[in-house]
1. Determine which member of the set Thr468, Thr442 is hydroxyl-bearing (Ser, Thr, Tyr), surrounded by 24 or more Cβ atoms within 10 Å (Cβ to Cβ) and in a helix (DSSP H, G or I).
2. Picking from Val12, Val63, which residue would you name as being at negative phi, surrounded by fewer than 24 Cβ atoms within 10 Å (Cβ to Cβ) and β-branched (Val, Ile, Thr)?
3. Need a quick list: strands (runs of 3 or more DSSP E) entirely within segment 193-265 having at least 3 residues that are touching a Phe, Trp or Tyr at 6+ places or on another chain (Cβ under 9 Å) and surrounded by 15 or more Cβ atoms within 10 Å (Cβ to Cβ).
4. Quick one: in segment 297-315, of everything that is of a type in the set (Gly, Ala, Ser) and not in a loop (DSSP other than H, G, I, E, B), which residue is nearest to Ala159 (Cα to Cα)?
5. Looking at Glu127, is it surrounded by fewer than 24 Cβ atoms within 10 Å (Cβ to Cβ), over 30 Å from Gly221 (Cα atoms) and at pLDDT 95 or above?
6. Name every residue in segment 334-360 that is at pLDDT 85 or above and touching an Asp or Glu at 6+ places or on another chain (Cβ under 8 Å), in order of residue number.
7. Give the number of residues within segment 143-160 that are of a type in the set (A, V, I, L, M, F, W, C), in contact (Cβ under 8 Å) with a residue 60 or more places away in the chain, closer than 21 Å to Pro325 by Cβ and in contact with a strand residue (DSSP E or B) (Cβ under 7 Å, 6 or more places away or on another chain).
8. Among the residues of segment 32-45, are any surrounded by 13 or more Cβ atoms within 10 Å (Cβ to Cβ), in a helix (DSSP H, G or I) and assigned by TED's automatic domain parsing to the domain that holds Asp199?
Amino acid sequence: MTRLFNDPAAFVDEATEGFVAAHPGRVRQVPGGVIRSTKSEPDTVAVVIGGGSGHYPAFAGLVGQGLAHGAAMGNLFASPSAQQIYSVAKAANNGAGVLLSYGNYAGDVLHFGQARDRLVSEGIPCEMVKVIDDVSSASLEEIRKRRGIAGDLTVFKIASAAAEAGYSLEEVVRVAEAANLRTRSFGVAFDGCTLPGADDALFHVPEGKMAVGLGIHGEPGISEQEVPSADELAELLVARLLEELPEGVSQANGARASVLLNGLGTIKYEELFVVYRRVNRLLEEAGVVIVEPEVGELVTSLDMAGASLTLFWLDEELERFWQAPADAPAYRKGSVAEVEQIDAAELDIPDPDAIPPASEESRQSARCIMEALEATRKIIGENAEELGRIDAVAGDGDHGIGMERGSRAAEETARDALERGAGAGTLLRMAGDAWADRAGGTSGAIWGAALNALAATIGDEKAPDAETIANGVEKARDNIMHFGKAQVGDKTLIDVLVPFSDALTEQVNRQASLSDAWGTAAERAEEAAQATADLTPKIGRARPLAEKSVGTPDAGAISLAMIVQAVHAVISNNANGG
């Protein structure tokens, strides 16, 4: 279990501070994460990686010459917010565009996508590559739905080496995608990990059993079996990965591959070497030529007991970039040229706490939004336990806790922004970033995205009218569906957000007042939320236990319906002069 900490809430911030203090020659801290402390060639692509903390050396430990230019770091197992990613990318930008790369998790997809859109809107070319190496998380036919685990390293390394070589953004994306499609990983776990301050692990594997294909956050695996010997584990891992060779790869032709045997936190080096001994022999017997293998902790999960095997199938170009030198705090290879330390005055670092000018009308609207956020925090606090119970039927049961954390952080941040004169748009944006950062998980990402979409639509210049608000809700819906890929019928929050948005727009177009329009839409939302009980989940963590959730509504759908009802009371009160 994670034993050494002070305040659990400060764990990530304190760990980051210590990490930067330990590696001042390679990294420096910026709002949202870290960047290289050394100068990069001007007019070259910057590779910015990221994800939740708790996976060291991913992600901060992979920042340095020959590797990433920056890493956006979220809370423990929680995606960094769009603001954090944007901030790191701005600071890391070398003038030739930015590649964002991350594991394929819903929160990361939402937040990195929002950050990309913001960078592009400011004239900074930006592309994304989602790592999809875990063969247990989806079939080959649905390869783009796979999650990213230890294969993060191969994609990050290849993309960064290509950027270092002066490739254009288009070419960096090409080789990163080639590495992505030639990387396959498969993992097992013997027990779960414990968050700082928690009384127990996030999950447990039955005594004497091994979970096969379990995700690095405890996502469901594909089976359980008896704990094997080291050799038997090697045989299981190798056999599964050799079942699925990427297109264009043939063992008979002496295919070349790098091999990564990764410990997830508790399985240590000597144990890994015992397993690798057999892995190496099996691959050689299969005719695989092994190139610069890695054995150790590459992508961890705090103190999780488990391991994964990655095969990275090489071609001439990929092999050259895999062997290229790198000098990051947690990954070094070859010899890099000595370069100057960067001058802080040269960095373009946005101030996330800055309050831009706003009209008096917008500041007045911000006060009403503040009341809505207070009502949101209150209704979620009163129902957090029930939301957790609903979520636990087929999920991990943390929806209520996450929503409570997020809504409280949004309220506190918004109050501070209001006191400093923020307009409606800025207040909503800062509240959304705080919600996403503190809530974690998919719900945190979704609510961060929703509030940011509203913020962008409302702005800081005018008091938003009913049409503007309806447009903002529609933009929030579209953003979440675009990045999260959920559709009506998938048993998610979208099953409520779509009918709510449609009803709100319909009523506003009929010239209804905002209070009346919102009230009608809130009733529609409540009906839709209850109707999710009849659905089976088609995406997300509940999908493997789909049948178990029939008869129980979706927790995210229920919480959204609660919130829009609470906000309706605030709108009505303000409309009546209350």
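1. On the way: Thr468 fails: surrounded by 24 or more Cβ atoms within 10 Å (Cβ to Cβ).
Every option except Thr442 fails the conditions.
2. Values: Val63 fails: surrounded by fewer than 24 Cβ atoms within 10 Å (Cβ to Cβ).
The match here is Val12.
3. Numbers: elements: 209-212, 223-226, 256-263.
In segment 193-265, the matching strands (runs of 3 or more DSSP E) lie at 209-212, 256-263.
4. First pass over segment 297-315, keeping only residues of a type in the set (Gly, Ala, Ser): 301, 305-308.
With the extra rule that they be not in a loop (DSSP other than H, G, I, E, B), the set shrinks to 305-308.
On the way: Ala305: 30, Gly306: 27, Ala307: 25, Ser308: 22 Å.
Selected residue: Ser308.
5. On the way: surrounded by fewer than 24 Cβ atoms within 10 Å (Cβ to Cβ): yes; over 30 Å from Gly221 (Cα atoms): yes; at pLDDT 95 or above: yes.
Considered against the rule, which asks whether it is surrounded by fewer than 24 Cβ atoms within 10 Å (Cβ to Cβ), over 30 Å from Gly221 (Cα atoms) and at pLDDT 95 or above, Glu127 comes out as yes.
6. Once the filter is applied, which keeps residues that are at pLDDT 85 or above and touching an Asp or Glu at 6+ places or on another chain (Cβ under 8 Å), segment 334-360 yields Val336, Pro356, Pro357, Ala358, Ser359.
7. So in segment 143-160, the residues of a type in the set (A, V, I, L, M, F, W, C) come out as 143, 149-150, 153, 155-156, 158-159.
Filter once more, keeping what is in contact (Cβ under 8 Å) with a residue 60 or more places away in the chain: 149-150, 153, 156, 158-159.
Restricting the remaining residues to those that are closer than 21 Å to Pro325 by Cβ gives 153, 156, 158-159.
If we keep only those that are in contact with a strand residue (DSSP E or B) (Cβ under 7 Å, 6 or more places away or on another chain) too, we end up with 153, 156, 159.
Summing the residues that are of a type in the set (A, V, I, L, M, F, W, C), in contact (Cβ under 8 Å) with a residue 60 or more places away in the chain, closer than 21 Å to Pro325 by Cβ and in contact with a strand residue (DSSP E or B) (Cβ under 7 Å, 6 or more places away or on another chain) in segment 143-160 gives 3.
8. No, every residue in segment 32-45 fails to be surrounded by 13 or more Cβ atoms within 10 Å (Cβ to Cβ), in a helix (DSSP H, G or I) and assigned by TED's automatic domain parsing to the domain that holds Asp199.
The values are calculated or read from the model by the stated rules, or taken from the named source; none is laboratory data. What you see is a predicted model, and the numbers here were worked out from it, not measured in a lab. Reconstructed Cβ throughout: ideal geometry from the backbone, glycine too, with neighbour counts over all protein chains shown.
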